[in-house]
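Working notes, beginning with the structure itself.
Nothing in this text is a laboratory measurement; each read-out follows from the coordinates by a stated rule. What you see is a predicted model; the values in this text were computed from it and never measured. We place every Cβ from the backbone using ideal geometry, glycine too, and count neighbours over all the protein chains shown.
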């Protein structure tokens with residue numbers, strides 16, 4: 001179950017990263033040079049894709065990933081609210097929920113293992 005949650009989380013983060021790449025490309029064009037907002041869109045895309053790739057490989061990534069997703073979640077409603085912001089809000093909320101469930105299930109397994117009397121060394 002935990003592997004499935006992690007896989008869904010990674011896919012959703014990668015999809016969101018690709019969404020931000022598309023938004024960055026749509027913002028730029030022949031008549032529109034790259035501005036600081038476009039750069040922020042590409043940085044956001046890179047961070048989403050980086051978290052998707054590193055999740056499960058880097059142990060201490062859960063808290064920075066949760067903070068990053070929470071900031072994106074709040075910005076999707078406080079910035080300019082349109083249909084894409086609601087889509088991003090839904091993706092962010094789902095990713096944050098999956099990350100929380102994944103983290104808590106890992107903690108529960110660690111606590112069960114710590115309480116297991118068979119793990120104690122012999123006397």
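Remark on segment 1-101: hydrodynamic radius 14.0 angstrom, per the Kirkwood mean of 1/r across alpha carbon pairs.
Subtracting the Cα-Cα distance of residue 35 and residue 15 from 0.36 nm times their residue separation leaves 4.8 nm of extension gain.
Peptides 91-100, 76-85 ordered by packing proxy, namely the average of other Cβ atoms within 10 Å per residue, highest first: 91-100, 76-85.
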